[in-house]
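**Student:** I'd like to ask you about the structure that follows.
Where a number appears in this text, it was derived from the coordinates with a stated rule and is not lab data. Given the structure is predicted, the values throughout are model-derived calculations rather than measurements. Positions of Cβ are backbone-derived with ideal geometry, glycine not excepted, and every protein chain shown enters the neighbour counts.
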Amino acid sequence: MSRKDEYIGYFIKYNNQLFNFILTLVPNYSDAEDILQKSASIMWEKFDTYQRDTYFLAWARKIIRLTVSNYYRTKRHEFQFDDQMLDALTAAHEKESKHSEEQLAALTVCLSKLEPSDLDLIRMRFYERFSVPEIASKTNRNLHTLYKRIPTIFILLHNCIKRTLMSEDLA
């Protein structure tokens, strides 16, 4: 894979997360879009400095953080965060993002442990967004049983995720 393809893959994969990060630092949606475009251009120019064994999102956030800082310097007459506040927001966002990724990995592990019939119920309810009556109709299962089973599966997943995250903390 070429470096160009590698960059494009990373940028597409993390585009929404990068934009949401910018929105935590810049209150104006249009300005946030401009900052994302400017940051994407800078990241492209500096991609040869990115080390493959490091976390792309953290590297990209550093570039975005500097782009946002420059944005605020040019907008002196408007409300702006100082550099210390931007650093604090960046650190908080990175911590939350890491936690979300850990939760998603734990969810993936826990979903793989479900019985196939339970996994089908979760898929239909939360991925395909079927209502419980629609699921009952499609699976020929009792409606009241499903109203009890789906929350039970949800609790099982929740507990599994907690255990998985706790075991990772101990490791």
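**Student:** How many nm is it between the label spots at Thr152 and Ala58, if each spot is 7 Å from the Cα in line with the beta carbon?
**Tutor:** A separation of 4.3 nm, rounded to one decimal place.
**Student:** Also, quick follow-up: When a footprinting reagent is the concern and you count Cβ atoms within 10 Å, what order do Asp118, Asp5 take, fewest first?
**Tutor:** Asp5, Asp118
**Student:** Let me ask something else. Using the Cβ atoms and a cut-off under 14 Å, what net charge is assigned to the surroundings of Arg125, where Lys and Arg are +1 and Asp and Glu are -1?
**Tutor:** Neighbourhood net charge equals +2.
**Student:** Distance in nm between label sites at Ile42 and Leu23, each 7 Å beyond Cα in the beta-carbon direction?
**Tutor:** Going by the 7 Å Cα→Cβ label model, 2.1 nm.
**Student:** Going through the cross-link list Lys13/Lys113; Lys13/Lys162; Lys4/Lys62; Lys62/Lys113, which pairs have a Cα-Cα distance over 31 Å in this structure?
**Tutor:** Too far apart for the 31 Å limit: Lys62/Lys113.
**Student:** If I model a spin label as a point 7 Å beyond the Cα along the Cα-Cβ vector, how far apart are those points for Asn159 and Tyr50 in nm?
**Tutor:** About 4.2 nm separates the two model spin labels.
**Student:** Please work out the Kirkwood hydrodynamic radius for the chain, using every pair of different C-alpha atoms, and report it in angstroms with one decimal place.
**Tutor:** Taking the inverse mean of 1/r over all distinct Cα pairs, the chain comes out at 19.3 Å.
**Student:** Can you give the longest stretch of the chain with no exposed loop site, where a site means GluC sites (Glu not before Pro) in a DSSP loop (not H, G, I, E or B) with at most 16 other C-beta atoms within 10 Å?
**Tutor:** The reported range is 1-77.
**Student:** Okay, moving on. Which FRET efficiency value, to the nearest 0.05, do you get for Met85 and Thr108 by plugging their Cβ-Cβ distance into 1/(1 + (r/R0)^6) with R0 = 45 Å?
**Tutor:** After rounding to 0.05, the efficiency reads 0.80.
**Student:** Sort largest first and round to whole Å: the equivalent ellipsoid semi-axes of segment 113-171, each the square root of five times a Cα gyration tensor eigenvalue.
**Tutor:** 27, 10, 9
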